[in-house]
Each structure stands twice: as structure tokens, then as C-alpha cells.
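The values are calculated or read from the model by the stated rules, or taken from the named source; none is laboratory data. This structure is a prediction, so every number in the text was calculated from the model and none was measured. Positions of Cβ are generated from backbone atoms using ideal geometry, with glycine treated the same way; all protein chains shown enter the neighbour counts.
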């Protein structure tokens, strides 16, 4: 366990209150009293400066003009989100892509160990295959240099051979250089029986055997190569098996593992009747349970752990759920929860609608829930940055991540929020310049909070808000150099956090 003492981060409203229909902010009650206590003598996790990240399907590289320095609009969105973020390229499409090293190269045949399956109602995975070219990788390096970001690069394991994987990795490592964090070989291998492997024999041990063959082939060409694994759909038992197998390898026989990785989606598919904002804004006990097993696996091999793909609702997200302000509050709270649990980072999935649809067999299930599936709308529904009308548009979850980014590079401290029946969370940290930083995320749709603390005498307040949790918008006030609200004097210091909003207080000089 990390040295962090996790006090009461969450004061949750009663189940009956949470079950009430969502209402607009004009119908909120008078503010409830909340008391905040900081424990600076109980430091927690040090949050890496590159904690915040985004996840894209690696199929996006089929268009070499997306991730390129000349795409200044997308570069600007990445830089505004985080100065040192991590772009993860992977997803389901990573296991059907092939390395087109030369202009005349042809798509290779499937390896003998592939048992090709097509889930009902979907296109064959290989019908959606695509090529990654040297041009795309070179342009990716320019994009990363322009944004200040690094990347986790997905390598095909599902339909690839170790030799072909190594050839691609050698080129990628040479071109990306210090912008490459590590390779991710295979995506969600625990779900391979639905597409690429025999369900009767496939398990975590066989996965590791095949992963190790690919990793060793890459290491033969890229001796300094680092890896993240197992990148499961969320099954923590696979991380346990992987860490045990890695620990049994000694010296040079053990690949350099930079992180134990997994995915997390709050709920799904979009048609799930439990995919409601009231449920999204409740705590999810799975997060802590998976973190405990993942941490133990990472500690066994003395490495970090990262959530490399996730969002509100798997299979592309749900309209009116994944693309509204409630998702922004969820994103901020989820990211800071992971930070408090010792994670090295978080990557929320998104990108373009075509690549995500292809990753799901050719369509976005959430479209069937729209009154007019052809209507203009961010696709996929959960994407942090949408492609719309030739522009890159920041969506609500993007702003949730921007709020959490304020904590990057800081060291958490224990905090206690007494908020009665209000569904709210609090996080506190000591920033790199020594100032205390406090975030209050009020996920209660009806009840405002009046926060009081005797440990701070003043500071600057920044806010994340929208007209309602169902709004297709989000607003950050006081960020990126704009003046925030000045608070001073008083014992205790007090400020209000309206219903369905969040606020960050930065200690005064």
C-alpha cells in the first residue's frame, strides 16, 4: 500500500435521494454546510506530471494527416489539456493493423495460431484491417514534439507474428525516440476468444507465452524496449498471473516492464438501462477493488500501473449520458480517484467515430438510441475531443480531465470532507511550488455545498460548471491565465460549490 492515508473522500447522499429524477440547477435547495480538514502531515501519492492522457484507436494512423505537427487545431487542444500528456494508441483496431514498410508491401497472411471469429451483427475483424506506414509514424513524431506529449504505442498481437511485430517496433522506436514511453503488445487479450483465439484453450498463461515471444523478438531489435501489459478489459486476475510469470524470470530474461495496465468503463453497452447519470455520479466500488489487485501485481515486479483505456460507457458511449456535463464531473472525480490510489496515469478513450465504429465491428451502438442517427453529433459519444464540421471540439469529459490536470506534479495529502448527505468528494495536494490545492467535486444534482476550513486563510478559486448535468457543454472559469475568484480572511475560510459543479482552491502566497 502507498503511504497515503485515505480518509473520507466521499460523503454520499442516501440512495433514495440519488434515485430522484435529475433536475435543472434552477431547482436546487439552499447550500448545505460542509467542513474540510487537511492533513499535510499525511502525504499521499506523488502525481506524475504526465498523469493525464488520451486514448485513440491506432487505426487513426491510417490517415497520416491526423497526428502531424501541421494539424495545428488538434495540437492546440492537446496542449490546452496538458503540457506533458500521454497519447495511447491502441484499442481493438491495434490487433488488425499491419505494418506497410514499403509502398509495394502487401498485407501478410494470418498466422496459424489465429482462430478468426466474427461476433454476431459485426463485420469480420479482418474486413476492417488497415495499414500503418512509415509516413504516419514520422508525422506522429512531429505531432508529439509539437504538443510536448509522449506515446504508448500499440503493437498487433492478435493477428501478427513476432517477426513482423519486431520489424514495426524497430522503426517506431527509432523514429519516436524519447517520445515513446513503451510498447503495448495486444489489446484486451482477455477478450481474444471473441475474435482471435480458441476459447477452449485461451487463458492468461497462454497469453503470456505468446506475449513473451513477441516481446523477445522486439527486444532482439530494440534492446532498450519497454512494455506495458496485460492491457485487459478489466480482469485484474490477469495482472496477477502476468506479474507472477514476470517475477519468475531473472536477469536479461525479464523484459523491461514500465507498467501494469488495464481498462475501465463505468458501464455498457449503451442500451443498458442502468446507464443513467444518477448511477454514473455514484461511487463505483469496482475501482478500488481493481486498484488493490493491480497495485499488488505492479509491486511484485517493482513497476507502475496505469489505466490506459476507459470512459463512461463501453461500445462507443451513450448519447445524453457520455456527452453531457455529468460526464465531466465523473471524469474529474475518476481521474483524481485513480491518482489517490497510486496510479501513474489515466487515458480516456475517444478519437474519431469511424475508427471507434470499426473497432466495434463497423457501427456505433449508441446511434440506435438517437431520434435521428444522421443528426450532427460528436462521435463516438464519449470522445474528449470531437471532430465536427472540420473542427476539433473539446467535449465535457475533456474539461473534467483539465480540472484533474491541475493536480499533475503535486503530492496528495489526506483530507476529510464532512458533507452530510451531499454526494461530494474532496482532494487535496501540495503543488510543486509548495501551495495547497483543494478540489471539491459536488456531484449532487440538487444540493449546493458551503465549504468551511480553518486551515487556509485565502486563495484563488477556479470553477467547472454548466447550466445542468444534462447540458452538452462545460465551462472552466479562471483557468489558463484568466483571473479566478479571490478569497481572503475569515476563520474559517468559506466558499460555495453549487450543485453539479466543481471548484479548485489554490492557496494564496
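Could we say that residue 244 is surrounded by 23 or more Cβ atoms within 10 Å (Cβ to Cβ), assigned by TED's automatic domain parsing to the domain that holds residue 295 and more than 21 Å from residue 54 (Cβ to Cβ) here?
no
Scan segment 226-245 residue by residue and report those that are farther than 23 Å from residue 287 by Cβ and out of contact with any strand residue (DSSP E or B) (no Cβ under 6 Å at 6 or more places or on another chain).
244, 245
Just for strands (runs of 3 or more DSSP E) wholly inside segment 405-444: which have at least 3 residues that are over 23 Å from the mean Cα position of the chain (by Cα) and at pLDDT 95 or above? Steps first, answer last, please.
Working: elements: 411-418, 424-430, 436-442.
Once the strands (runs of 3 or more DSSP E) in segment 405-444 are filtered for at least 3 residues that are over 23 Å from the mean Cα position of the chain (by Cα) and at pLDDT 95 or above, what remains is 411-418.
For segment 468-490, which residues satisfy the criterion of being in contact (Cβ under 8 Å) with a residue 60 or more places away in the chain, surrounded by fewer than 18 Cβ atoms within 10 Å (Cβ to Cβ) and either under 12 Å from residue 508 (Cβ atoms) or touching a strand residue (DSSP E or B) at 6+ places or on another chain (Cβ under 9 Å) (or both)?
475
Would a scan of segment 342-354 turn up a residue that is over 15 Å from residue 395 (Cβ atoms) and surrounded by fewer than 22 Cβ atoms within 10 Å (Cβ to Cβ)?
Yes, segment 342-354 contains at least one residue that is over 15 Å from residue 395 (Cβ atoms) and surrounded by fewer than 22 Cβ atoms within 10 Å (Cβ to Cβ).
Restricting attention to segment 103-124, does a residue exist that is in contact with a helix residue (DSSP H, G or I) (Cβ under 6 Å, 6 or more places away or on another chain) and within 18 Å of residue 179 (Cα to Cα)?
No.
Picking from 215, 169, which residue would you name as being in a helix (DSSP H, G or I), out of contact with any helix residue (DSSP H, G or I) (no Cβ under 8 Å at 6 or more places or on another chain) and buried (at least 23 other Cβ atoms within 10 Å of the Cβ)?
After ruling out the rest, the residue left standing is 215.
Sort through 192, 196, 183 and tell me the only one that's assigned to a helix (DSSP H, G or I) and surrounded by 19 or more Cβ atoms within 10 Å (Cβ to Cβ).
The unique qualifying residue is 192.
Just to check your reading of the model, which residue among 382, 399 is modelled with pLDDT of 95 or more, within 22 Å of the chain's Cα centre (by Cα), in the same structural domain as residue 80 (by TED's automatic domain parsing) and assigned to a loop (DSSP other than H, G, I, E, B)?
382
Going through segment 387-396 one residue at a time, which ones are assigned to a loop (DSSP other than H, G, I, E, B) and either within 17 Å of residue 463 (Cα to Cα) or modelled with pLDDT of 95 or more (or both)?
Hit for segment 387-396 is 395, nothing else.
Take residue 494 and tell me if it is in a loop (DSSP other than H, G, I, E, B) and outside the structural domain of residue 79 (by TED's automatic domain parsing).
Working: in a loop (DSSP other than H, G, I, E, B): no; outside the structural domain of residue 79 (by TED's automatic domain parsing): yes.
Spelling it out, it is not the case that residue 494 is in a loop (DSSP other than H, G, I, E, B) and outside the structural domain of residue 79 (by TED's automatic domain parsing).
Could you say whether any residue in segment 66-74 is in the same structural domain as residue 136 (by TED's automatic domain parsing), modelled with pLDDT of 95 or more, closer than 18 Å to residue 357 by Cα and touching a helix residue (DSSP H, G or I) at 6+ places or on another chain (Cβ under 7 Å)?
Scanning segment 66-74, I find at least one residue that is in the same structural domain as residue 136 (by TED's automatic domain parsing), modelled with pLDDT of 95 or more, closer than 18 Å to residue 357 by Cα and touching a helix residue (DSSP H, G or I) at 6+ places or on another chain (Cβ under 7 Å), so the answer is yes.
Got a number for residues in segment 218-244 being within 22 Å of residue 314 (Cα to Cα) and in a helix (DSSP H, G or I)?
Summing the residues that are within 22 Å of residue 314 (Cα to Cα) and in a helix (DSSP H, G or I) in segment 218-244 gives 4.
Conditions tested, residue by residue: (1) surrounded by fewer than 21 Cβ atoms within 10 Å (Cβ to Cβ); (2) touching a strand residue (DSSP E or B) at 6+ places or on another chain (Cβ under 7 Å); (3) assigned by TED's automatic domain parsing to the domain that holds residue 78; (4) without any contact (Cβ under 8 Å) to a residue 40 or more places away in the chain.
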site: 129; (1), (2), (3), (4): yes, yes, yes, yes
site: 132; (1), (2), (3), (4): no, yes, yes, no
site: 153; (1), (2), (3), (4): no, yes, yes, no
site: 187; (1), (2), (3), (4): no, yes, yes, no
site: 206; (1), (2), (3), (4): yes, no, yes, yes
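Tell me yes or no: at least one residue of segment 221-244 is within 20 Å of the chain's Cα centre (by Cα) and at positive phi.
yes
With the requirement that a residue be part of a helix (DSSP H, G or I) and surrounded by fewer than 22 Cβ atoms within 10 Å (Cβ to Cβ), what does segment 291-319 give you? Outline the logic, then answer.
The first filter runs over segment 291-319 and keeps only residues part of a helix (DSSP H, G or I), leaving 291-300.
If the condition is that a residue be part of a helix (DSSP H, G or I) and surrounded by fewer than 22 Cβ atoms within 10 Å (Cβ to Cβ), then 291, 292, 293, 295, 296, 299, 300 are the ones that fit.
Tally time: how many residues in segment 453-467 are within 21 Å of residue 430 (Cβ to Cβ) and surrounded by 14 or more Cβ atoms within 10 Å (Cβ to Cβ)?
Counting residues in segment 453-467 that are within 21 Å of residue 430 (Cβ to Cβ) and surrounded by 14 or more Cβ atoms within 10 Å (Cβ to Cβ) gives 9.
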